[in-house]
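Just below is one structure, and these are the notes that go with it.
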Amino acid sequence: MGCDDPSFPDAQPIHKVHISSFWLDKTDITNEQFAQFVNATGYVTIAEKKPKQEDFPDAPPENLVSGSLVFVAPKHKVNLNNHYQWWQYVAGANWRQPEGPNSDINNRMNHPVVHIAWQDALAYAQWAGKRLPTEAEFEYAARGGLKNKVYCWGNKLKPNDKWQANIWQGEFPTNNTKADGYVSTAPVGSFPANGFGLYDMAGNVWQWCSDWYSSDYYKTLAQNKITNSPQGPDNSFDPKEPKVAKRVQRGGSFLCSDQYCARFLVGARGKGEPDSSSCHVGFRCAKDI
């Protein structure tokens with residue numbers, strides 16, 4: 001596990017783990033699958049609920065409306081150190097309306113469901129008789145049987161000059177040339193499967209894992225010669241936001257670029273607040289054998 005790219009210190013050092021057998025969904029959970037869950041249970045996602053005043057005591061009451069984060073490309077070149085320049089909290093944005101009230105998923109039922117918080121993903125997994133994968137399981141599956149490779153498919157970003165994942169092309173965040181054919185999410189399975197027959201293990205949407213995120217967890221694991229089926233740390237720690245608990249996200253998304261983020265590398269890590277959602281975060285499920 002891990003990545004020796006100096007851009008990702010939280011993915012170092014590379015270390016050995018042993019993974020017990022498990023099943024993993026071939027694709028991300030789609031809008032159609034999530035709709036079946038909602039229709040069967042009446043489940044309401046976090047993005048569809050009005051935020052509570054006690055959770056945001058400093059927020060004006062009129063700002064406490066249901067919604068989620070949506071990517072909006074700036075109209076001019078911006079400093080990449082400030083991600084707030086391309087993220088907007090859009091009232092009414094949720095899995096049914098990915099860009100807000102004037103959008104829908106009618107023609108996107110085979111796209112990965114987005115605006116999914118960790119708790120939402122967990123609820124679906126439990127309903128389906130499954131669970132969320134651990135971070136170690138996700139990386140093992142993403143590698144598809146390859147060893148020490150940069151990407152899920154090998155060491156070249158574009159083998160035979162063909163894009164292998166739905167990621168950002170062009171100048172981030174102002175101009176997406178969509179050279180891979182997509183400016184936002186792509187239908188699941190639009191790109192080649194990896195060696196295990198799994199689709200979109202890199203790009204398209206970030207995927208939730210069961211683990212808490214801790215920036216130094218790999219250093220702890222590396223103290224062992226080999227770790228059996230690691231389940232993640234007991235609690236979360238992100239030095240950039242030490243008071244905010246986070247869960248692991250993996251795989252990167254359609255917004256990942258070699259200029260910014262670049263976490264479509266198979267060993268790179270991501271993280272997010274469990275009650276947060278956005279237009280580029282979804283999930284898939286695992287199941288014990």
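Every read-out reported here was derived from the displayed coordinates using simple, explicitly stated rules and does not represent laboratory data. This is a predicted model, so every value here is computed, not measured. Here the Cβ positions follow ideal geometry from the backbone for every residue, glycine too, while neighbour counts run over all protein chains shown.
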Q. Do any trypsin sites (Lys or Arg not before Pro) in segment 186-289 lie in a loop, going by DSSP, with at most 11 other beta-carbon atoms within 10 Å of their beta carbon, and if so which?
A. K225, K240, K243
(Q) Just to compare against my own numbers: the Cα pair-distance distribution for segment 108-148, 10 Å bins, whole % per bin, please. (A) 23, 39, 32, 6
**Q.** Cα gyration tensor shape for segment 24-78, rounded if a/c is under 1.5, else prolate or oblate
**A.** oblate
Q.
Compute a Gaussian network model of the chain, connecting alpha carbons closer than 10 Å, and tell me which residue from D200, D161, D55 fluctuates the most.
A. D55
Q: Could you tell me what fraction of 2.2 N^0.38 Å the Cα radius of gyration of segment 136-289 comes to, as a two-decimal ratio?
A: 1.05
Q | Loop trypsin sites (Lys or Arg not before Pro), segment 55-140, which have at most 14 other Cβ atoms in a 10 Å radius of their Cβ (DSSP) | A | K75, K77
Q. Does segment 235-289 classify as rounded, prolate or oblate by the C-alpha gyration tensor (a ≥ b ≥ c root eigenvalues; a/c under 1.5 gives rounded; else a/b over b/c gives prolate, otherwise oblate)?
A. oblate
**Q.** Calculated FRET efficiency for the pair Y260/N39, C-beta based, R₀ 51 Å, to 0.05
**A.** 0.85
Q: Note the direction-averaged projected area, equal to a quarter of the hull surface, for the Cα convex hull of segment 95-164, in nm².
A: 7.4
Q. What fraction of the Cα pairs in segment 46-139, stated in percent, has a spacing above 22 angstrom?
A. 47
Q) For the chain, modelled as a GNM with alpha-carbon contacts under 10 angstrom, which of F191, F56, F138 fluctuates the most? A) F56
Q) Among A141, A35, A121, whose mean-square fluctuation peaks in a Gaussian network model of the chain (Cα, cutoff 10 Å)? A) A35
Q. What FRET efficiency would be calculated for the residue pair A245, K75, taking the C-beta separation as r and a Förster radius of 35 Å, to the nearest 0.05?
A. 0.50
Q | Spread of Cα-to-Cα distances over 10 Å intervals beginning at zero, given as percent, for segment 150-219 | A | 18, 42, 30, 11
Q) In deg cm²/dmol, rounded to 500, what helix-only [θ] at 222 nm does the chain give when every DSSP H run of at least 4 residues adds -39500 (n - 2.57) and the total is split over its residues? A) -3500 deg cm²/dmol
Q: Measure off 7 Å from each Cα along the Cα-to-Cβ vector at N102 and N228, then give the distance between these two points in nanometres to one decimal.
A: 5.8
Q. So what is Rg over Rh here for segment 70-218, counting just Cα atoms and using Kirkwood for Rh?
A. 0.96
Q) Once you sort the root eigenvalues of the Cα gyration tensor of the chain as a ≥ b ≥ c, which label holds: rounded (a/c under 1.5), prolate (a/b larger than b/c) or oblate (the other case)? A) rounded
**Q.** Stretchable slack from A91 to S66, in nm (0.36 nm times residue separation minus alpha-carbon distance)
**A.** 8.4 nm
